[in-house]
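Participant: I'd like to ask you about the structure that follows.
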Amino acid sequence: MNMSSAGTPKAMRNMNEMLILNRIIAGGPQSRADLSRETGLSKPTISSAVTQLIGRGLVKETGRAENAQGRKATLLEFNRKCYYVIGADLGATRIRMSVADMGGEICHYKQLAMPADHLAEPEFRDFLVQGLEGLLAEAGLHWDSIQAAAFGIPGVVNPADGEVSELVLPLRGREDVLKLANLAQLLPVPVVTENDVNLAALAEYTLSGAEKSRSLLYFSIGEGTGGGLIIGGEIYRGLGGGAGELANVVLGAGRLEDILSAGGLKQLASSIAAEQQTAPATPLLAGPEGSAEQIFNEARSGNVLAESVLDAYCRLLAEALGSICAVIAPDRVVLGGGIGGNGDLLLHRLEAELAQLQRKPRLSVSGRGDKDVVLGAIQIALQAAFGRIRGQ
């Protein structure tokens, strides 16, 4: 709004409508009389603005108030189905995408295998757009219902310009197609991009009651490692978006990603199996055919060797967390990813290893599995969508 139009009747009506809409969104179902008392606007002004908001599909009438006497007032609430947003997780091997209403409730969710490395950029762009259009078709929606789309990128996303770097190995070479300017050209709606682990951290912060914490570290451990930081309710991105890139942190045993990733866990298992020559070496632990998941499954079945592997692994993980927490001192640490999600085997070991920390964070495991990034993408897409609605 420019200064010359700021005091016009149309501008004032728009301001009143947005004031009322914000009240309804924040306060839940309310009557016209409630809105008049809370905003100080006259009843005719409220009535006119509400009529406009209902006409735009942003507000709907819902039921009657439980007033003790007299005619029961009609309640108004925000219409969460007025528009929708898209959230997508562009993973190393899978694309997870969802469409959600304006209340953040997922209406449809799907997964696609990430196409092979040899797929050229034009074909990859077509694949992505077709996947999103298929998502909308399956949800019974069209682009005119979508207010914003957000993408989680498995690499460093520069907050200044949306440039992408340090992509995970399977996606190396696709930095150009995944940068914000190029993704925005593909879709007919505003686009937001963010580091995938940052989005997982945001989802954990906003959806699990962690907002009571002043700071949160989401530590994703799987085929790779990464961290997402929430400080004062906001994603902390650092210089060039590089905050939370924990892979290159060096511990006594080596580079963090080399020792804590799935590959590092399997190497640790092989080493311990070789050292404990008196015990029969379980092939799933010591052989090349083993996997991190199998190590956890063996530990759950009572395999002594697997348990000793996890003891040693958690000592390394505790060393990493102790070093990181000495710098960040988060209120809460949440483990995620294919390895980090095994809270039943990791948390009690970590609690014991970190018992001597002077400032010990609360430890937990994400309960949303592989949807963390998608849910975080929905959150930032909603922020963009509400900004767009309020600017209309």
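Participant: Compute for segment 209-368: radius of gyration divided by Kirkwood radius, i.e. Rg/Rh, restricted to C-alpha atoms, rounded to two decimals. Mind dumping the intermediate values first?
Facilitator: Details: Rg = 16.0 Å, Rh = 16.2 Å.
With Rh from the inverse mean 1/r over Cα pairs, Rg/Rh is 0.99.
Participant: Hey, another quick one. How far is helix 343-353 tilted, in degrees, relative to the longest principal axis of the Cα atoms in the chain, given as a value from 0 to 90 rounded to the nearest 10?
Facilitator: Helix 343-353 sits roughly 70 degrees off the main axis of the chain.
Participant: Can I ask one more? By how many degrees, between 0 and 90 and to the nearest 10, does the Cα long axis of helix 9-27 differ from the longest principal axis of the chain?
Facilitator: 50
Participant: Can you compute the helix-only [θ] at 222 nm over the chain? Use -39500 (n - 2.57) per DSSP H run of at least 4 residues, normalise by all residues, nearest 500 deg cm²/dmol.
Facilitator: Numbers: 15 runs with 174 residues, N = 392.
Using -39500 (n - 2.57) per qualifying helix, the result is -13500 deg cm²/dmol.
Participant: I need the Debye-formula profile for the chain: one equal scatterer per C-alpha, no solvent, reported as log10 I(q)/I(0) at q = 0.11, 0.12 1/Å, two decimals.
Facilitator: Debye curve over Cα of the chain, log10 I(q)/I(0) at q = 0.11, 0.12 Å⁻¹: -0.88, -0.99.
Participant: Still on this structure: Rg and Dmax of segment 9-78 over Cα atoms: what are they, in angstrom?
Facilitator: Every Cα atom of segment 9-78 included, Rg and Dmax give 11.6, 38 Å.
Participant: Using R₀ = 22 Å, calculate the FRET efficiency as 1/(1 + (r/R₀)^6) where r is the Cβ-Cβ separation of Leu186 and Thr93; round to 0.05. Can you show the working numbers first?
Facilitator: Working: r = 21 Å, r/R0 = 0.97.
It comes out at approximately 0.55.
Participant: With all protein chains present, how much of the accessible area of segment 9-78 (probe radius 1.4 Å) comes from carbon and sulfur, to the nearest whole percent?
Facilitator: The C+S portion of the solvent-accessible surface of segment 9-78 is 51 percent.
Participant: Right, next: Can you give me the C-alpha center-to-center distance between segment 342-386 and segment 69-129, rounded to a whole angstrom?
Facilitator: Using only Cα atoms, the two centres lie 22 Å from each other.
Participant: So how far apart, in nm, are the two label points at Arg64 and Val327 if each is 7 Å from Cα heading toward Cβ?
Facilitator: Going by the 7 Å Cα→Cβ label model, 6.3 nm.
Participant: Of the DSSP beta bridges with both residues in the chain, give the percent that are antiparallel, rounding to the nearest 5.
Facilitator: 60
The values are calculated or read from the model by the stated rules, or taken from the named source; none is laboratory data. The structure displayed is predicted, hence computed values, not measured ones. For neighbour counting, all protein chains shown are included, and Cβ atoms are generated from backbone atoms with ideal geometry for every residue, glycine included. Surface accessibility is based on the protein's heavy atoms, side chains included, excluding ligands, DNA and RNA. Shrake-Rupley method; radii C 1.70, N 1.55, O 1.52, S 1.80 Å.
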